[in-house]
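Worksheet: one structure, shown below.
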Amino acid sequence: MSPDDIDLNLLRVFDVLMQERSVTRAADHLGRTQSAVSHSLAKLRIIFKDELFTRDGALMRPTPRALELIGDLSEALGKIRASIGRYRVFNPLTTTRNFRVGLTDYHAMIFIPGLIREFSKQAPQATLNVIPANRAEAESADYFRQVDCTLTGASLKDDPNLTKTELGQDRILCAVWSGSEIARSALNLEKYLSASHLQISADGLSEGLADGALGERGLRRKVVATISNYLVMPWALRGTDLITHCGDGIFQMLDGTSEVTLLSPPIPIPSVSASLVIHRQMVTDQGTLWLRRLITELYHAAQIRKNEVILARNVVA
């Protein structure tokens with residue numbers, strides 16, 4: 001088949017299948033029937049002489065050939081979108097688009113309520129999907145093709161396909177149950193090292209920033225358990241003498257009923273950065289630009305609220 005004979009709509013189907021990983025969802029996204037999308041996929045397999053996707057439960061996993069192709073094709077489609085987009089005006093009030101935002105568990109905890117409220121207010125006919133963006137996802141370049149933008153604190157490898165904008169930083173603190181002995185005074189290094197620690201890790205394996213800071217001093221803490229997200233932190237700490245770590249953005253989410261006291265760590269620990277990451281194929285997309293502005297404004301407003309709460313409570317020992 002000559003390149004001149006290829007229907008460019010097939011490439012659009014391929015691009016959406018790479019985002020959705022489902023014929024059903026791709027059909028919804030494209031406004032087509034499932035059979036039409038399946039038929040397009042069959043043609044694509046013939047053109048590229050590859051299966052392109054294989055079944056993995058309910059999901060379709062791209063083959064190595066598909067991952068190789070999407071880099072060139074998404075760039076080409078992005079240029080086409082950019083050219084057309086110059087002459088189209090994006091209106092959040094009328095768009096029915098489905099947006100996808102990648103958020104780490106930490107940022108989701110402090111960011112989702114305000115994001116959903118403001119998104120629904122500004123784009124009442126659109127939908128928003130929040131997609132996990134923890135360490136494993138952030139290390140996959142393919143992940144960023146499936147979302148409009150991602151707010152993450154993960155350290156990303158330099159990748160010319162990604163545009164990264166740092167929005168701010170959160171200081172790392174120690175969190176303990178308010179009724180514990182540890183909460184009654186400042187936390188010194190001896191007390192910190194002799195205590196049992198709770199690690200918040202999405203995969204149950206990754207070390208935290210505290211472990212790196214300790215390792216530079218030839219020290220180790222005693223991690224006795226891990227949990228996968230911040231939402232259960234207050235209940236995991238309650239009634240124990242465990243110490244865990246979190247960014248000071250958590251201040252906004254805690255009240256007296258949380259029974260969590262935040263303390264300064266006994267050694268300096270690097271702050272966690274919040275970066276907004278966008279794949280280059282979405283950089284000129286008008287809808288993504290609107291979403292990026294919305295997230296940036298909400299993040300800066302959240303930082304202001306955080307600082308106000310910290311000053312008002314003055315609870316860090």
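The values are calculated or read from the model by the stated rules, or taken from the named source; none is laboratory data. Just so we're clear, the structure is a prediction, and the values are computed from it rather than from any experiment. With ideal geometry, Cβ positions are generated from the backbone for all residues, glycine too; neighbour counts draw on all protein chains shown. We work out accessible area using only protein heavy atoms, side chains counted, and drop any ligands, DNA or RNA first. Shrake-Rupley method; radii C 1.70, N 1.55, O 1.52, S 1.80 Å.
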Considering only the stretch 163-219, state which residues are in contact with a Pro (Cβ under 7 Å, 6 or more places away or on another chain) and polar (S, T, N, Q).
-> ASN188
Could you count how many residues in the stretch 248-259 are touching a helix residue (DSSP H, G or I) at 6+ places or on another chain (Cβ under 6 Å) and either open to solvent by less than 20 Å² (accessible area, probe 1.4 Å) or assigned to a strand (DSSP E or B) (or both)?
-> 3
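How many of the residues making up the stretch 162-190 are over 25 Å from LEU115 (Cβ atoms), open to solvent by 30 Å² or more (accessible area, probe 1.4 Å) and in contact (Cβ under 8 Å) with a residue 12 or more places away in the chain? Before the answer, list the steps.
Narrowing the stretch 162-190 to residues over 25 Å from LEU115 (Cβ atoms): 174, 176-190.
Then keep just the ones that are open to solvent by 30 Å² or more (accessible area, probe 1.4 Å); that gives 177-179, 181, 184-186, 188-190.
Now restrict to residues that are in contact (Cβ under 8 Å) with a residue 12 or more places away in the chain: 177-179, 181, 185-186, 188-189.
Total meeting the criteria: 8.
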Report yes if some residue within the stretch 106-126 is closer than 17 Å to LEU289 by Cα and either modelled with pLDDT under 90 or part of a strand (DSSP E or B) (or both); otherwise report no.
-> no
Determine whether ARG135 is modelled with pLDDT under 75, open to solvent by 30 Å² or more (accessible area, probe 1.4 Å) and either out of contact with any strand residue (DSSP E or B) (no Cβ under 7 Å at 6 or more places or on another chain) or under 30 Å from GLN169 (Cβ atoms) (or both).
-> yes
Any residue in the stretch 7-19 that is of a type in the set (Asp, Glu) and touching a Leu at 6+ places or on another chain (Cβ under 9 Å)?
-> yes
Going through the stretch 267-317 one residue at a time, which ones are part of a loop (DSSP other than H, G, I, E, B) and either touching a Leu at 6+ places or on another chain (Cβ under 7 Å) or more than 26 Å from SER120 (Cα to Cα) (or both)?
-> ILE267, PRO268, ILE269, PRO270, SER271, ASN314, VAL315, VAL316, ALA317
Has the stretch 260-267 got any residue that is farther than 30 Å from GLY215 by Cα, in contact (Cβ under 8 Å) with a residue 24 or more places away in the chain and open to solvent by less than 40 Å² (accessible area, probe 1.4 Å)?
-> no
Given (1) assigned to a helix (DSSP H, G or I); (2) touching a residue at least 24 places away in the same chain (Cβ under 8 Å); (3) surrounded by 12 or more Cβ atoms within 10 Å (Cβ to Cβ), GLY212 misses just (3)
What residue, among those in the stretch 274-289 that are at pLDDT 85 or above and open to solvent by 20 Å² or more (accessible area, probe 1.4 Å), is farthest from the chain's Cα centre (by Cα)?
-> GLN286
Residue by residue through the stretch 219-241, note down the ones that are open to solvent by 30 Å² or more (accessible area, probe 1.4 Å) and assigned to a loop (DSSP other than H, G, I, E, B).
-> LEU219, ARG220, SER228, ASN229, ARG238, GLY239, THR240, ASP241
Sort out which residues of the stretch 25-68 are under 21 Å from TYR143 (Cβ atoms), out of contact with any Leu (no Cβ under 8 Å at 6 or more places or on another chain) and open to solvent by less than 90 Å² (accessible area, probe 1.4 Å), and write them in order of number.
-> HIS29, THR54, ASP56, GLY57, ALA58, LEU59, LEU67
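Specify which of the listed residues (GLY78, GLY153) is crowded, with 17+ Cβ neighbours inside 10 Å, over 21 Å from the mean Cα position of the chain (by Cα), modelled with pLDDT under 85 and among the small types (Gly, Ala, Ser). Walk me through how you get there before you give the answer.
Numbers: GLY153 fails: over 21 Å from the mean Cα position of the chain (by Cα).
Going through GLY78, GLY153 in turn, just one is crowded, with 17+ Cβ neighbours inside 10 Å, over 21 Å from the mean Cα position of the chain (by Cα), modelled with pLDDT under 85 and among the small types (Gly, Ala, Ser): GLY78.
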